[in-house]
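Remarks on the structure that follows.
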Amino acid sequence: MAGESMSTPGVPDPVSSSEPPSPEHSPTPSVDPLLSMRLGEFIIEERIGAGGMGVVYRAVHPLIGKHAAIKVLRAERMARRGEQQLLLEAKAVNAIRHPGILDVFNCGTLPDGRPYIVMELLQGRTLSEVLLEKGKLDVELTVWVLDQLLSALGAVHRAGVVHRDVNPENVFLREFLDTKPTLKLVDFGIAQVPREESPGANGAMTGTPECMSPEQIRGGTVGPAADLYSVGILAFQMLTGARPFQGEHMQVMFAQVESVPPAPSTKAEGIPPALDALVLQLLEKKPARRPDSAEAARQQLSAIEAALRIPGAPPVQAEPVVVAAVPIAMPTVLPVAPPVPRSHKVVVGAAVLMAFGVGIVGGRVQHKVVPEHAPTVPAARRPVLREPASIPSPAPVTPPEGGPPREALDDGALQDEALRELPSPAQTGSSLAPAQGIGATASP
């Protein structure tokens, strides 16, 4: 009897010779009596799948055109408490209410007494089909699938439900043309629901052997940690392309209980150490050594996701480029200065020349303290002045104390006839601070 309850969802069960198959149980039924039948508000159009417990059909609402999936219990399951099991699935799903859980929104009974449930119709592929095509997934996609799955399981466990059959067939990836894919956890047929007699409550093994936790195999008490162990199996398979334990069902179940799993990084390259450690923690034999909850495992995964900077993480804002501790800004249009009286033009022009000379010196000093990693600002070109034909040498000008060296002022800057009328710095009260500021932000 234990073997009957461990059938893999999505794979039809073998039928004994003493029990003739029902029309919908046949792999290719010639005539399915449920086709075109009206069940509640929906009309069945075609058969789209079959599992160990029931057959799934696509149906349509005749008035509004809404599509749905209808799961009908197999006739031979009626004698195996299958009726309660199918209704248990509907109760479990509606107790959770999470976007990552397949929605069940109606139920009923066929004329022959078999129950059915009406669910949302999913478009996409199971994780099993994706792995069959790709072999394994890259780290980024694996982290995304695990994050979505742990989010759904967190809601499952908060509702007091334990799925008990988390495997690649029951993880569905919905695919859309213009939006990101989403994940749905399906098939709560053997879930453990509070205040309900769940399958396997009497100690019988229930689930998929390759993904069952050690406590499930022993027939002991099963809690949320059992689902986390199954998540570890899926994570290992997505990263490496194979499950951690290989062999026949009995060999795999024995290994689940006794053998230490290898690290995923020993089977595939490019796996971050933190992700490696999380998978091994999920695969701990003792439930107490696994993450405390699905949310706790998801928090660890969030840190890994941030380190990978995978798509979906908040974008990192680019910092401004800094040259000599001054951010480079786009050129701006300076306001036009008011006209300067003619009597002050010579004084202003000489002051600009002095400031420009000091600015060059300041720029050179600033250039020496630029860190090695900062971009180098080209030195400002000194304006070339043609020497006047016959101008007597001006009287020496003594720069103010603390000002630039004389050679910086004599290098062609004092050969303008206007400088002879320039008053001393003490008379004008000019300061060198603005000149130093110009030198600090000089640009070519």
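Take 206, 221, 182 and order them by how many other Cβ atoms sit within 10 Å, fewest up front.
Numbers: 206 21, 221 9, 182 15.
With the sparsest Cβ surroundings first, the list reads 221, 182, 206.
Does the range 74-155 come out rounded, prolate or oblate, given a ≥ b ≥ c as the square roots of the eigenvalues of its C-alpha gyration tensor, rounded meaning a/c under 1.5 and, failing that, prolate meaning a/b above b/c?
Because a/c hits 1.5 or more and a/b exceeds b/c, the range 74-155 counts as prolate.
Picking from 251, 264, 239, whose Cα lies most toward the positive end of the charge dipole for the range 220-295 (charges on Cβ: Lys, Arg +1; Asp, Glu -1)?
About the Cα centre, the residue reaching furthest to the positive side is 251.
In sequence order, what are the phi-derived ³J(HN,Hα) couplings for the range 276-291 according to the Karplus relation 6.51 cos²θ - 1.76 cosθ + 1.60 with θ = phi - 60°, rounded to whole Hz, with x for glycine and proline?
4, 5, 5, 4, 5, 5, 5, 8, 4, 5, 8, x, 5, 8, 7, x
Take the alpha carbon gyration tensor of the range 72-111, find the square roots of its eigenvalues, order them as a ≥ b ≥ c, and report rounded if a/c is under 1.5; if not, report prolate when a/b exceeds b/c, else oblate.
prolate
Out of residues 5 or more away from residue 124 or on other chains, whose amide H comes under 5 Å of its own, with H placed 1.01 Å from N in the peptide plane?
175
Given 71/184; 71/91; 66/134; 91/134, which pairs have Cα atoms separated by over 24 Å? Don't skip to the end; give the middle numbers.
Working: 71/184 17 Å; 71/91 14 Å; 66/134 33 Å; 91/134 35 Å.
Listed pairs above 24 Å: 66/134; 91/134.
Scan around residue 48 for amide H atoms under 5 Å from its own, H built in the peptide plane at 1.01 Å from N, and keep only partners 5 or more places away or cross-chain.
56, 57, 58
Using the Karplus equation 6.51 cos²θ - 1.76 cosθ + 1.60 (θ = phi - 60°), what ³J(HN,Hα) coupling, rounded to whole Hz, does each residue of the range 235-243 give in order, writing x for Gly and Pro?
4, 4, 5, 5, 7, 10, x, 8, 6
How charged is the neighbourhood of residue 301? Take every other residue with its Cβ under 13 Å from the Cβ of residue 301, and add Lys/Arg as +1 and Asp/Glu as -1.
Summing Lys and Arg as +1 and Asp and Glu as -1 gives -4.
Explain nothing, just the number: dipole magnitude of the range 144-295 about its Cα centre with +1 on each Lys and Arg Cβ and -1 on each Asp and Glu Cβ, in debye rounded to the nearest 20.
240 debye
So how much slack lies between residue 41 and residue 276, counting 0.36 nm per residue of separation and subtracting their Cα-Cα distance, in nm?
The residue 41-residue 276 span can extend by a further 79.7 nm.
Apply the Karplus curve 6.51 cos²θ - 1.76 cosθ + 1.60, θ = phi - 60°, to the phi angles in the range 215-228 and return the couplings in whole Hz, x for Gly and Pro.
Whole-Hz 3J(HN,Hα) from phi for the range 215-228: 5, 5, 5, 6, x, x, 5, 10, x, x, 4, 5, 5, 5.
What shape does the range 125-170 have by the C-alpha gyration tensor, where a ≥ b ≥ c are the square roots of the eigenvalues, rounded means a/c under 1.5, and otherwise prolate means a/b greater than b/c and oblate the rest? Walk me through the intermediate numbers first.
Working: a/c = 3.84, a/b = 1.75, b/c = 2.19.
Oblate, since a/c reaches 1.5 and b/c is not below a/b.
Put a dot 7 Å past each Cα toward the Cβ at residue 136 and residue 87; how far apart are the dots in nm?
Between residue 87 and residue 136, the simple spin-label model gives 4.7 nm.
Can you compute the modelled spin-label distance between residue 61 and residue 295, with each label point 7 Å from Cα toward Cβ, in nm?
Placing both labels 7 Å along Cα→Cβ, they lie 3.4 nm apart.
Between residue 266 and residue 78, what is the spin-label point distance in nm, taking each point 7 Å from the Cα along the Cα→C-beta axis?
About 5.2 nm separates the two model spin labels.
Since every read-out is calculated from the coordinates, none of them should be taken as a lab result. Just so we're clear, the structure is a prediction, and the values are computed from it rather than from any experiment. Please note: Cβ atoms are built from the backbone with ideal geometry, for glycine as well, and neighbour counts cover all protein chains shown.
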